[in-house]
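The values are calculated or read from the model by the stated rules, or taken from the named source; none is laboratory data. Computed from a predicted model, the values in this text were never measured in an experiment. Here the Cβ is made from the backbone with ideal geometry for all residues, glycine too, and neighbour counts use every protein chain on show.
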Amino acid sequence: MEPAAARPTLPPWLKVKLPTGPRVARLKDASRSRGLATVCEEARCPNLAECWGGGTATFMIMGEVCTRGCRFCSVDTALRPPLPDPEEPAKLALTLKEMAVEYAVLTTVCRDDLPDQGAGHLASCIRAVKDANPAMRIEMLLQDFRGERKLLETVMDARPDVVAHNVECVERLTATVRDAKAGYRQSLEVLRHSKIYQPGTPTKTSLMLGLGETEEEVLTALDDIREAGTDIITMGQYLRPTGSRHHLPVHSFVHPDEFARFGELARARGFLFVASGPFVRSSYRAAELFLKGRLEAKDAA
Ligand code: SF4
């Protein structure tokens, strides 16, 4: 067996205690008992207590095995993962109701093996959650469907409140960081078509920094993403999954001041909301609070 990779020394701003407490334990039990996976737990997210305590949770739906193998991602890979659980929409709707979540982020693996790449199942999950929890906001963090617009539209027809798709990294690094079926331009087209198809639905994306990108490349990515009509951007530090030798090493730990500067540069490009910091993840409480407030204001108007 290959020895585990040595843990890199983390800079002081990246050292935090993982969250615990009775509410966190209760929410973990509620999701585990139905075989559902929260990304918050799987990724040992340091923002978990803040999000769950504030009524936000992120669930990974359609299984925990992906047909792709991005080099930053700790999700398991297989050519033919098990079929999606037909009971998942109902289980998810009930679990989110019990958790009294106000804002749910649903994310998913890629299912290149399924005829519709899982679009129908994702739409069923969104509809079931909305039927059971009419006041709940749903952000759907979806895959690229290899550029098939009809599949993207199938999911959007279920009316998620926010559509997210992650560009993940700058264009030059995409072939190294992401699976070969993914593409920087393909991801921009997902964001662009989402906005064209439903102009009133906010769109959101995320970039990881610390993978070896230059400042100029980050600024170009911000321009490209904004030009695709994207409303919200989050930027955070890439961290290699613990103990892994198979994932990309961290190229650099970006200082919080640098994140703040990139945040300002993004705001200057006209994004509605920007979150940029070492612990910012694609699902991030501050961005979700902003979106919730905006959706409520829109409903009231
Ligand atoms: S497509 Fe998404 S879930 Fe699949 S390996 Fe890449 S990042 Fe992970």
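Here are a few things to note about the model shown:
- Residues of region 157-168 that turn out to be free of Cβ contacts under 8 Å to residues at least 60 places away in the same chain and touching a helix residue (DSSP H, G or I) at 6+ places or on another chain (Cβ under 6 Å), as a count: 5
- Selected residue (criterion: nearest to residue 98 (Cα to Cα)) from residues of region 128-173 that are of a type outside the set (Val, Ile, Thr) and touching a Pro at 6+ places or on another chain (Cβ under 7 Å): 128
- From 271, 262, residue being over 15 Å from the mean Cα position of the chain (by Cα), under 13 Å from residue 208 (Cβ atoms) and touching a residue at least 12 places away in the same chain (Cβ under 8 Å): 262
- Looking only at region 182-218, residues that are more than 16 Å from the ligand (Cβ to nearest atom) and polar (S, T, N, Q) come to 5 in all.
- Restricting the first member to region 136-153 and to residues that are over 14 Å from residue 206 (Cα atoms), and the second to residues that are of a type in the set (Lys, Arg) and at pLDDT below 95, the beta-carbon pairs closer than 7 Å and six or more apart or on different chains are 137/292.
- Top-ranked residue of region 72-89 - restricted to ones that are surrounded by fewer than 16 Cβ atoms within 10 Å (Cβ to Cβ) and either within 14 Å of the ligand (Cβ to nearest atom) or acidic (Asp, Glu) (or both), ranked as farthest from residue 211 (Cα to Cα): 87
A quick yes/no check of all residues on (1) surrounded by 21 or more Cβ atoms within 10 Å (Cβ to Cβ); (2) of a type in the set (D, E, K, R); (3) over 27 Å from residue 237 (Cα atoms):
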site: 91; (1), (2), (3): no, yes, yes
site: 96; (1), (2), (3): yes, no, yes
site: 133; (1), (2), (3): no, no, yes
site: 136; (1), (2), (3): no, no, yes
site: 154; (1), (2), (3): no, no, yes
site: 169; (1), (2), (3): yes, no, no
site: 183; (1), (2), (3): no, no, no
site: 190; (1), (2), (3): yes, no, no
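- Wholly enclosed strands (runs of 3 or more DSSP E) of region 95-169 bearing at least 2 residues within 21 Å of residue 195 (Cα to Cα), away from the ligand (no atom under 15 Å from the Cβ) and hydrophobic (A, V, I, L, M, F, W, C): 162-164
- Among the conditions (1) outside any helix (DSSP H, G or I); (2) in contact with a Lys or Arg (Cβ under 7 Å, 6 or more places away or on another chain); (3) away from the ligand (no atom under 16 Å from the Cβ); (4) not hydroxyl-bearing (Ser, Thr, Tyr), the only one that residue 179 does not satisfy is (3).
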